[in-house]
Amino acid sequence: MPRTRWRGARAAVLAAVFVCAACGLVYELALVAFGSYLIGDTVGQASIVLGVMVFAMGIGALAAKPLQSRAAAAFAAVELALALFGGLSVLGLYAAFAWLDLYAPALVVTAFLLGLLIGAEIPLLMVLLQRIRAQAAGSAVADLFAADYVGALLGGLAFPFLLMPVFGQLRGVLVVGLVNALAGLALVFTVFRRELGARARLGLTAGSVVVGLVLGYAYLTAYDFEVTARQQLFRDPVVHAERSAYQEIVLTRSIPLVSQGVTDLRLYLNGDLQFSSVDEYRYHEALVHPLLRGSRTSVLVLGGGDGLAVRELLRYPDVGSVTLVELDPAVIRLARTEPQLRTLNRDAFDDPRVRVVNADAFQWLRLGRERFDAVVVDLPDPDETATAKLYSVEFYALVRTALADGGRMVVQAGSPYFAPRSYWCIEASIRAAGFATTPYHVDVPSFGDWGFVLAAAADGPPALGLPTDLPPLRFLDQETLRTAANFPRDRRRQELPPSTLLHPRVLEYARAEWRNY
């Protein structure tokens, strides 16, 4: 073989290594990202996926040893299998989660199969590379792994910045599966075609057709599958669903009963209920109005992108400005445009007193210099790594620096009944940040017994009461609020250590306590 051809053949092998490495990393990232959307435990999902896949890659490398005598055909077969299983991996996991309730074992099996196939690639590619031109083992390994690692960089960047925005998660992985199959087949049917016998060529051709048809059909039907699977997760019809850069947003609307005539609009973020229109007023009245007994000219709301807490704030004419910091602009957009949600929040975001800032609350507080009379902390529960930092001592210390003299803060703190350790850990974290606290709880039927913490940077706990100019409310009154400060014997204060950035205890408590519900 002429030297120029050697160079072209070696370049083709290294290009295949590059593409296959990119595809392999996309499969890994897709499993981690999908698990984070469904389960919320990013660190746990990443640990399971990466641990199982790396272990399986070692097994796959050993399993490829007997295949080295037929390296070209074996490599093409491995790439077809990897394209099929990798391309269908997210779709299969969604089905296991929605219909079978077998997500965890399905994840382990999927990660193992993908790792097994990825692990078999490198030994086979090494054999093919050496067949083109024998060289020292160290040099061959250096060339191979250089292409592999650079390809992994491409896959790592392509997944969040190209595949997810353009194709979405289901279709993005299917596209990668097709690319994976084409890369493997192109290498074998061009550079190593003479090594394939007639039976191998026929088998690989038939396999290519089957894999292409399956992945193509899955691509065309991915949207319908996603709609059907998503609806399986919710009791009411889904009227809006989107996957933003941060989370999955789902809005459901019940079919009103003839006898009651009540429609229940529900918002879910990553599968967690945020409100039910039937009883959300109980939650938001209890969250907002006790806070406004004090100064309230300028109010900061952290979270609350549905606009319902802002709605309650705007009922006071002397509230001069409301600044809402919400990470996800898609939630704000939904609250501004969805007709029934706009009716529920009374077009709160159209009020000239309201300013919306799309930013991470933690970082915004770190960089901010503004001070507020009152702060409403209405953030998602601390059952994910990303939200646990928003329930830490460090976070509440940042809120304290944003409070004007005499200012007060209220925090939604979860359920003191279903998750008592989480609740009292949040309260302890607020106290550790220098606040005096007054815990209280009310019944919200959609959530159960739900708790809040009123806090002030003062010598004693802030008084729990209602403003003298209280607007008409549907649920809360002074007597109800007085009762809310009392906790039954089996749910009274627990002295727990606070949660910090380096030791997010609240995350540990939340996962353990909510696992049974």
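The values are calculated or read from the model by the stated rules, or taken from the named source; none is laboratory data. Small disclaimer: the values here were computed from a predicted structure and weren't measured. Note: ideal-geometry Cβ built from the backbone for every residue, glycine included; neighbour counts use all protein chains shown. Just so you know, the surface numbers come from the protein's heavy atoms only, side chains and all, with ligands and any DNA or RNA stripped out. Shrake-Rupley method; radii C 1.70, N 1.55, O 1.52, S 1.80 Å.
One table, with the values for the structure above:
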quantity: Of all residues making up segment 423-445, the number that are under 30 Å from ARG266 (Cβ atoms) and in contact with a Lys or Arg (Cβ under 9 Å, 6 or more places away or on another chain); calculated: 11
quantity: Per-region count, segment 271-294, residues aliphatic (A, V, I, L, M) and at pLDDT below 95; calculated: 2
quantity: Single residue of ASP279, ASP264 found to be over 19 Å from the mean Cα position of the chain (by Cα) and over 30 Å from THR468 (Cβ atoms); calculated: ASP264
quantity: Residue in segment 382-410 that is most open to solvent (accessible area, probe 1.4 Å), counting only those that are over 16 Å from ALA428 (Cα atoms), not in a helix (DSSP H, G or I) and not hydrophobic (A, V, I, L, M, F, W, C); calculated: ASP405
quantity: Residue in segment 125-132 that is part of a helix (DSSP H, G or I), among the aliphatic types (A, V, I, L, M), buried (at least 18 other Cβ atoms within 10 Å of the Cβ) and without any contact (Cβ under 8 Å) to a residue 40 or more places away in the chain present; calculated: yes
quantity: Residue count, segment 26-59 (criterion: more than 19 Å from TYR149 (Cβ to Cβ), among the aliphatic types (A, V, I, L, M), open to solvent by 40 Å² or more (accessible area, probe 1.4 Å) and part of a helix (DSSP H, G or I)); calculated: 3
quantity: Single unsatisfied condition, PRO461 versus (1) open to solvent by 10 Å² or more (accessible area, probe 1.4 Å); (2) in a loop (DSSP other than H, G, I, E, B); (3) closer than 14 Å to ARG482 by Cα; calculated: (3)
quantity: Matching residues in segment 351-368 - criterion: being within 23 Å of ALA397 (Cα to Cα), not hydrophobic (A, V, I, L, M, F, W, C) and not in a strand (DSSP E or B); calculated: ASP360, GLN363, ARG366, GLY368
quantity: Hits in segment 178-200 - residues which are more than 12 Å from ALA77 (Cβ to Cβ), surrounded by 15 or more Cβ atoms within 10 Å (Cβ to Cβ) and not β-branched (Val, Ile, Thr); calculated: LEU178, ASN180, LEU182, ALA183, ALA186, LEU187, PHE189, PHE192
quantity: Filtered residue count, segment 492-517, keeping only those that are of a type in the set (A, V, I, L, M) and either surrounded by fewer than 13 Cβ atoms within 10 Å (Cβ to Cβ) or on the phi > 0 side of the Ramachandran plot (or both); calculated: 3
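For (1) in contact with a Cys (Cβ under 9 Å, 6 or more places away or on another chain); (2) assigned to a strand (DSSP E or B); (3) among the hydroxyl-bearing types (Ser, Thr, Tyr), each residue gets a yes or a no:
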| residue | (1), (2), (3) |
| --- | --- |
| ARG266 | no, yes, no |
| LEU287 | no, no, no |
| SER295 | no, no, yes |
| LEU302 | no, yes, no |
| ARG311 | no, no, no |
| ASP318 | no, no, no |
| ILE332 | no, no, no |
| PHE349 | no, no, no |
